[in-house]
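Visitor: Questions regarding the structure given below will be posed in turn.
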Amino acid sequence: MNFTKMHGLGNDFIVIAGCERLPDDASKLAVGWCDRHFGIGADGVVFLLPSERADLMMRIMNADGSEAEQCGNAIRCAAKYAYDSGLAAKTVMTIETIGAGVQTVVLQVRDGKAESVRVDMGEPVLDGLAIPTTLDLKPVADQPIIVDGAEFRFTAVSMGNPHCVIFVDDAAGFDLHRWGPKLERHPFFPKRVNVEFATVNTPSQIDMRVWERGAGPTLACGTGACATLVASVINGKSNRRAVVSLKGGDLEIEWNENDNRVYMTGPAATVFSGTLV
């Protein structure tokens with residue numbers, strides 16, 4: 001089986017194309033392949049599959065074997081792979097995900113290769129029960145959450161997958177390893193949750209660090225950046241368009257006032273290709 005290692009701002013994936021359906025042992029395969037000592041090493045595995053509704057379908061298995069409904073960095077990688085390989089050689093294509101349905105992506109191409117991808121990430125889900133959380137609120141904004149005796153205030157958003165956004169004084173220096181896993185599995189979140197710690201420096205620039213559900217700390221999270229921008233607007237902290245700065249680099253995020261959809265623009269890169277034996 002052939003694979004391509006790719007990343008979006010350091011959030012890295014093993015991309016597999018050519019399967020007709022998701023392998024029955026996809027979860028087990030992901031755990032082994034993503035191991036950074038005994039496998040290829042990645043935050044997740046992306047399977048590109050046929051779709052009856054779009055140019056292709058993307059299924060994402062996290063490093064722990066769980067499946068992610070959606071991933072903003074992965075969809076940019078999927079789009080670049082599809083264009084560069086000829087799987088869907090067009091600058092505007094559609095990609096189906098299980099969490100957000102069919103999404104439109106627009107590629108900026110240089111020297112015959114996709115360089116940057118703008119993704120229509122859809123409308124944010126703000127209904128607490130639909131995200132899902134256990135809170136019957138819309139929106140779930142600036143709500144208290146207690147872990148190990150410490151209280152945080154969070155805003156919940158789904159971008160096809162659930163997010164818990166917490167505003168802190170210093171996102172870049174925040175202790176992800178201490179608080180991330182505890183918040184990910186808090187009883188408020190029946191399907192666990194991705195946790196973003198954010199600092200709004202100006203109305204148009206936000207620092208963010210992420211603890212991803214099923215993967216732990218990663219260098220970037222596209223859906224998390226989108227959720228953070230939405231949460232910042234809801235709480236009156238930012239404009240509807242801002243640069244979200246992650247450890248791996250910057251994403252441009254816009255929550256469009258006219259159509260209520262969130263748009264993400266950022267790079268994707270190919271690292272190397274190989275064969276699994």
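Visitor: What number goes with the only condition from (1) more than 25 Å from Pro267 (Cβ to Cβ); (2) in contact (Cβ under 8 Å) with a residue 60 or more places away in the chain; (3) more than 16 Å from the chain's Cα centre (by Cα) that Gly32 does not pass?
Guide: (2)
Visitor: Please identify the pairs in which a residue from segment 113-129 that is over 12 Å from Glu252 (Cβ atoms) has its Cβ atom under 8 Å from the Cβ atom of a residue that is among the basic types (Lys, Arg) and open to solvent by less than 30 Å² (accessible area, probe 1.4 Å), counting only partners at least 6 apart or on another chain.
Guide: Lys113/Lys80; Ala114/Lys80
Visitor: Under the condition of being touching a Gly at 6+ places or on another chain (Cβ under 9 Å) and assigned to a strand (DSSP E or B), which residue from segment 254-277 is nearest to Gly122 (Cα to Cα)?
Guide: Once the filter is applied, the top-ranked residue is Val262.
Visitor: If you scan segment 125-151, which residues turn out to be in contact with a helix residue (DSSP H, G or I) (Cβ under 7 Å, 6 or more places away or on another chain) and open to solvent by 30 Å² or more (accessible area, probe 1.4 Å)?
Guide: Pro139, Asp148
Visitor: Identify all residues within segment 129-144 that are within 13 Å of Asn161 (Cα to Cα) and either in contact with a Pro (Cβ under 8 Å, 6 or more places away or on another chain) or among the acidic types (Asp, Glu) (or both); write none if there are none.
Guide: Ile131, Pro132, Thr133
Visitor: Follow-up. I need a count of the residues in segment 1-25 that are aliphatic (A, V, I, L, M), open to solvent by less than 70 Å² (accessible area, probe 1.4 Å) and farther than 22 Å from Pro217 by Cα.
Guide: Residues that pass the stated criteria total 3.
Visitor: Looking at Glu196, Glu115, can you tell me which residue is closer than 27 Å to Ala269 by Cβ, more than 17 Å from the chain's Cα centre (by Cα), not hydrophobic (A, V, I, L, M, F, W, C) and not in a helix (DSSP H, G or I)?
Guide: Glu115
Visitor: I've got another one for you. Would you call Ala227 of a type in the set (A, V, I, L, M, F, W, C), modelled with pLDDT of 95 or more, open to solvent by less than 20 Å² (accessible area, probe 1.4 Å) and part of a loop (DSSP other than H, G, I, E, B)?
Guide: no
Visitor: Which pairs do you get when a residue that is farther than 16 Å from Met57 by Cα, found in segment 3-19, comes within reach of a residue that is part of a strand (DSSP E or B) and modelled with pLDDT under 95, reach meaning Cβ atoms under 7 angstrom, with the pair 6+ apart or on two chains?
Guide: Final answer for the pair search is Asn11/Thr218.
Visitor: Next question. Can you tell me which of Ala26, Ala89, Ala68, Ala74 is hydrophobic (A, V, I, L, M, F, W, C), out of contact with any helix residue (DSSP H, G or I) (no Cβ under 7 Å at 6 or more places or on another chain) and at pLDDT below 95?
Guide: Answer to the selection: Ala68.
Visitor: State all residues of segment 71-100 that are surrounded by fewer than 22 Cβ atoms within 10 Å (Cβ to Cβ) and either in contact with a Lys or Arg (Cβ under 8 Å, 6 or more places away or on another chain) or not in a strand (DSSP E or B) (or both); if no residue qualifies, say none.
Guide: Result: Asp84, Ser85, Gly86, Leu87, Ala88, Ala89, Lys90, Thr91, Thr94, Glu96, Ile98, Gly99.
Visitor: Give me the residue from segment 152-161 that is of a type outside the set (A, V, I, L, M) and touching a helix residue (DSSP H, G or I) at 6+ places or on another chain (Cβ under 9 Å) and, out of that set, farthest from Trp211 (Cα to Cα).
Guide: Gly160
Visitor: Kindly provide the set of residues from segment 141-165 that are part of a strand (DSSP E or B), within 16 Å of Gly128 (Cβ to Cβ) and of a type in the set (A, V, I, L, M), ordered by number.
Guide: Ala141, Ile145, Ala156, Val157, Val165
Visitor: Given (1) under 20 Å from Ile75 (Cβ atoms); (2) at pLDDT 95 or above; (3) in contact with a Gly (Cβ under 8 Å, 6 or more places away or on another chain), where does Gly160 come up short, assuming only one miss?
Guide: Only one criterion in (1) under 20 Å from Ile75 (Cβ atoms); (2) at pLDDT 95 or above; (3) in contact with a Gly (Cβ under 8 Å, 6 or more places away or on another chain) is unmet by Gly160, namely (2).
The values are calculated or read from the model by the stated rules, or taken from the named source; none is laboratory data. If you're wondering where the values come from, they're calculated on a predicted model, not measured in any experiment. FYI the Cβ positions are ideal-geometry reconstructions off the backbone, even for glycines, and counts take in every protein chain you see. Keep in mind that these areas ignore ligands, DNA and RNA; they rest on the heavy atoms of the full protein, side chains included. Shrake-Rupley method; radii C 1.70, N 1.55, O 1.52, S 1.80 Å.
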